[in-house]
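Only one structure is covered here, and it is reproduced in the block below.
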Amino acid sequence: MIKAVFIASTEPHSGKSIISIGLVNMLLGKAQKIGYFKPIINQEQAIKQDDHTATILSYFDLPMAYEDTYAFTWENAMRQMETESQGEMLDTIIRKYKYLEGKYDFTVVEGTDYKGEGAAFEFEINVQLAKNLRAPVIIVISGEGKTTAQVVNSTLTALHNFDARELQVLAVVANKVKQENVKDVEDLLKQQLSAGILLAVIPEDRGLQSPTMGEICERLNGKLLFGKEHLSNHADNFVTGAMQVPNFLNYLTENVLIITPGDRGDIIISALQANLSISYPKVAGIVLTAGFEPEGPITRLIDGLQTVVPIIAVKTGTFETSNLIGAIRSKITPGNTKKIQLAIDTFDKYIDIVELDKQLITFKPSGITPRMFQYQLVEWAKSSKKHIVLAEGTDERILKATGRLVSQGIVDITLIGDTTEIQAIVKRENINLDLDKVKIVNPAFDAHYNDYVNTLYELRKSKNVSLEMARDLMTDVSYFGTMMVYKGDADGMVSGAVNTTLHTIRPALQFIKTKPGVSLVSSVFFMCLPDRVSVFGDCAVNPNPTAEQLAEIAISSADSSTRFGIEPRVAMLSYSSGTSGEGEDVDKVRQATAIVRAKRPDIKVEGPIQYDAAVDPVIGSSKIPGSEVAGKASVLIFPDLNTGNNTYKAVQRETGALAIGPMLQGLNKPVNDLSRGCTVDDIFNTVVITAIQCQDTEKP
């Protein structure tokens, strides 16, 4: 069962609150601990608690602090956007959501209210929120003031937009639909919705949409003269009392609000009498305009009545007051239990609760976003803190990444380099790094130097390595760092920001060597594309693998994919798909695919297959119909290093994707290589995945 659902709209005043209240009520019947989260709230809601959030917390007695129910105000979120820190904003939201996910059985997440920069811009923000929280979506469409065709078109457009961004829609709710249009809307949408999407059409309800007299008094900044005990009265409509009494009485309807100048004592008294009479409908209240209040005799008369509706005095004129009241949008507030119960009853009546419950139980999220993937990596690394040695400790980028890693408590770090030089760089570049929290070693002067030299000599003397050669090699940062890992003085090593790939991995190949049953060291990149994370291999190590080696790369990559939370669907790439192509290169891929299927029948694999057929569902289904991989591959295996290296760099540059790696796979202990053009983020992410690899390695 999933642990969250995202309630989204595409315009303001859609009635999301009815769905969230009803959903919380439904879920509390099935789980003990339910959370509520609205990632971005309006600015005024941070100063004064949001009525909707306060209603959910108080009515359902949810054991949550108000501060835990949101991550940003709209103003702060926009500031993050303007400074190009959307990634950091999403990271903060993910962290707050993950805290709730760990604390509660289920969390109802609600999107923004569309009171910000514009509908299209705000829609994209909600898409990003839902995708990064991996929550299925319930779309709420407003039918207020719309024809049948407009409601249907709005619904289908919203569905198309969510589907185009690969968001999984659980249900669609067309809300506030005119009563006479409900059946037509329902029939037309049922014909066009995809199978599995739950549909609900809710007719407009004056009881939910009408403001209370308390809301009217607050919005008009009015002065309450009488009727405090009846401020919960709903005003379903209003009439202006500017005519003679007989004509005025003809315009009274149920739950009417009367707007009249404050000096019209005749209208005031007749309205109060009509409210008491069984011959006239109930009056919700009276608003007195133009700054006038009833004269003394009228006030004395009202004081003597047993039942008095709310009477509010305002300074604005009758016309302006009428416009202000007409613009009021009613909210469900904590004290209005009548409206809360009506919202619950409406949800229960029009939502197929049995089917919705079934959808929630059987729903399986697909894919993972780059921000969620990175968050997940950091949390995995923190779960069992490891010790990583960074061989190039005097590189500015290494030191900046170290500062971030140490401050977040992700790993313990040893830097290889001269202490004085490192201190000077940190000071000169104003790097945020507390050197008291890291260990610095200089190979030639370290206490382990002689032991490491002797160990290397014993391991490599059969390869004509003399003791003197071992002494010389052990002053090299890559050899020294790799030996720290071999001897158990560190769990893993990262290098390559300055040195070449061969320089970094040669020592590991010489004496850490490969795992049992693995004959080949290969590599993968985690390609964090805008909407998913794919695994690319091998793009860094093996120039021209044989069919057997290609199969081993595919198996190792599938296992790495699984370890890092990505369901492996392996595409063995070539310049042709299926049985259409011939030639030595295609045959190699075809043979490798057969080997993978024979050795690991549990792995979903397809090959040979072209890149477009591997990742595009339409092309994939046309070229290889019925394939479990075509169109939805998550692990892409390239036939040679030339193709793989160029493709990952092209994808990275053209899409802006973050490439995490290369991560070496197949070694007994983790050693990973960096690109010499790596950024601080690249180093940070590579250390994190190295730490996770260390968790799978048994200590000697």
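Filtering the range 529-564 to residues that are within 21 Å of Gln652 (Cβ to Cβ), among the small types (Gly, Ala, Ser) and within 30 Å of the chain's Cα centre (by Cα) leaves Ser534, Gly537, Ser557, Ser560, Ser561. Filter the range 566-596 down to the residues that are over 29 Å from the mean Cα position of the chain (by Cα) and in a strand (DSSP E or B), then identify the one that is surrounded by the fewest Cβ atoms within 10 Å (Cβ to Cβ). Among those that are over 29 Å from the mean Cα position of the chain (by Cα) and in a strand (DSSP E or B), it is Leu573.
Between Gly677, Gly631, the distinction of being surrounded by fewer than 24 Cβ atoms within 10 Å (Cβ to Cβ), part of a loop (DSSP other than H, G, I, E, B) and in contact with a helix residue (DSSP H, G or I) (Cβ under 6 Å, 6 or more places away or on another chain) belongs to Gly631 only.
Kindly indicate which of Asn237, Asn247 is surrounded by fewer than 16 Cβ atoms within 10 Å (Cβ to Cβ) and within 24 Å of Thr333 (Cβ to Cβ). Walk me through it before giving the result.
Working: Asn247 fails: within 24 Å of Thr333 (Cβ to Cβ).
Only one candidate passes the filter, namely Asn237.
Selection over the range 120-147 of residues that are surrounded by 20 or more Cβ atoms within 10 Å (Cβ to Cβ), polar (S, T, N, Q) and modelled with pLDDT of 90 or more gives a count of 1. Among the candidates Glu186, Glu229, Glu166, the residue that is in the same structural domain as Lys315 (by TED's automatic domain parsing) and either touching a helix residue (DSSP H, G or I) at 6+ places or on another chain (Cβ under 9 Å) or surrounded by fewer than 20 Cβ atoms within 10 Å (Cβ to Cβ) (or both) is uniquely Glu229. Residues in the range 527-562 that are of a type in the set (S, T, N, Q) and either over 24 Å from Asp602 (Cα atoms) or not in a loop (DSSP other than H, G, I, E, B) (or both): Ser534, Asn542, Asn544, Gln549, Ser556, Ser557, Ser560, Ser561, Thr562. Val283 falls short on exactly one of the conditions (1) surrounded by fewer than 20 Cβ atoms within 10 Å (Cβ to Cβ); (2) in the same structural domain as Leu225 (by TED's automatic domain parsing); (3) not aromatic (Phe, Trp, Tyr), and that condition is (1). If you go through the range 538-549 and keep only what is at pLDDT 90 or above, crowded, with 16+ Cβ neighbours inside 10 Å and in contact with a Pro (Cβ under 9 Å, 6 or more places away or on another chain), you end up with Asp538, Cys539, Pro545. Close contacts from the range 637-655, counting a first residue that is in the same structural domain as Asp612 (by TED's automatic domain parsing) and a second that is outside any loop (DSSP other than H, G, I, E, B) and surrounded by fewer than 19 Cβ atoms within 10 Å (Cβ to Cβ), with Cβ to Cβ under 8 Å and a gap of 6+ residues or different chains, come to Phe638/Thr647; Pro639/Asp585. Residues in the range 466-497 that are surrounded by fewer than 17 Cβ atoms within 10 Å (Cβ to Cβ) and over 16 Å from Thr690 (Cα atoms): Ser466, Leu467, Glu468, Met469, Asp472, Thr475, Lys487. Between Lys623, Lys599, Lys669, Lys632, the distinction of being closer than 22 Å to Glu582 by Cα and of a type in the set (Lys, Arg) belongs to Lys623 only.
Of the residues examined, Lys176 is one that is of a type outside the set (A, V, I, L, M, F, W, C), within 30 Å of Ile361 (Cα to Cα) and buried (at least 21 other Cβ atoms within 10 Å of the Cβ). Counted as qualifying within the range 135-233 are the helices (runs of 4 or more DSSP H) with 1 or more residues that are under 21 Å from Asp113 (Cα atoms) and touching a residue at least 40 places away in the same chain (Cβ under 8 Å), namely 148-164, 206-209, 213-219.
Might you let me know whether the range 483-499 holds any residue that is under 30 Å from Ser384 (Cα atoms) and without any contact (Cβ under 8 Å) to a residue 12 or more places away in the chain? Checking the range 483-499: not a single residue is under 30 Å from Ser384 (Cα atoms) and without any contact (Cβ under 8 Å) to a residue 12 or more places away in the chain. Checked against the criterion of being of a type in the set (Ser, Thr, Tyr) and either within 21 Å of Ala130 (Cβ to Cβ) or not assigned by TED's automatic domain parsing to the domain that holds Gly481 (or both), the range 368-381 contains one or more residues that satisfy it. Residue count for the range 253-279 under the criterion of being surrounded by 15 or more Cβ atoms within 10 Å (Cβ to Cβ), under 54 Å from the mean Cα position of the chain (by Cα) and of a type in the set (Ser, Thr, Tyr): the result is 1. Can you name the number of the only condition in (1) crowded, with 22+ Cβ neighbours inside 10 Å; (2) modelled with pLDDT under 95; (3) over 32 Å from the mean Cα position of the chain (by Cα) that Asp418 fails? Result: Asp418 fails condition (1) only. Checked against (1) surrounded by fewer than 20 Cβ atoms within 10 Å (Cβ to Cβ); (2) closer than 16 Å to Val629 by Cα, Arg563 passes all but a single condition, namely (2). The test for being under 19 Å from Gly214 (Cα atoms) and out of contact with any strand residue (DSSP E or B) (no Cβ under 9 Å at 6 or more places or on another chain) holds for Ala327.
Kindly state which helices (runs of 4 or more DSSP H) lie completely within the range 1-119 and contain at least 1 residues that are among the aliphatic types (A, V, I, L, M), modelled with pLDDT under 90 and over 27 Å from Lys176 (Cα atoms). Even if it seems obvious, please write down each step before you answer.
Numbers: elements: 16-28, 43-47, 51-59, 74-82, 86-103.
Hits in the range 1-119: 43-47, 74-82, 86-103.
Restricting the range 287-298 to residues that are out of contact with any Lys or Arg (no Cβ under 9 Å at 6 or more places or on another chain) and free of Cβ contacts under 8 Å to residues at least 40 places away in the same chain, the residue that is surrounded by the fewest Cβ atoms within 10 Å (Cβ to Cβ) is Gly296. Pick from Tyr251, Tyr350: which is among the aromatic types (Phe, Trp, Tyr) and modelled with pLDDT of 90 or more? Residue meeting the stated conditions: Tyr350. For the range 149-163, name all the residues that are surrounded by fewer than 21 Cβ atoms within 10 Å (Cβ to Cβ) and either over 28 Å from the mean Cα position of the chain (by Cα) or among the small types (Gly, Ala, Ser) (or both). Answer for the range 149-163, where residues must be surrounded by fewer than 21 Cβ atoms within 10 Å (Cβ to Cβ) and either over 28 Å from the mean Cα position of the chain (by Cα) or among the small types (Gly, Ala, Ser) (or both): Ala149, Gln150, Ser154.
Taking the criterion of being of a type outside the set (Ser, Thr, Tyr) and touching a strand residue (DSSP E or B) at 6+ places or on another chain (Cβ under 6 Å), would at least one residue in the range 333-351 satisfy it?
Taking the range 333-351 and keeping what is of a type outside the set (Ser, Thr, Tyr), we get 334-336, 338-345, 347-349, 351.
Now narrow it down to the ones that are touching a strand residue (DSSP E or B) at 6+ places or on another chain (Cβ under 6 Å): 351.
Yes: one or more hits.
When Ala327 is tested against the conditions (1) without any contact (Cβ under 8 Å) to a residue 24 or more places away in the chain; (2) more than 48 Å from the chain's Cα centre (by Cα), the lone failure is (2). Please determine whether any residue of the range 317-328 is over 28 Å from Ala130 (Cβ atoms), in the same structural domain as Lys223 (by TED's automatic domain parsing), among the acidic types (Asp, Glu) and loosely packed, with under 15 Cβ neighbours inside 10 Å. Yes.
On inspection, Leu324 does not qualify as part of a loop (DSSP other than H, G, I, E, B) and over 30 Å from Asn685 (Cβ atoms).
The values are calculated or read from the model by the stated rules, or taken from the named source; none is laboratory data. Computed from a prediction, not measured in an experiment: that's the story for all the values here. Every residue, glycine among them, receives a Cβ derived from its backbone with ideal geometry; neighbour counts consider all protein chains shown.
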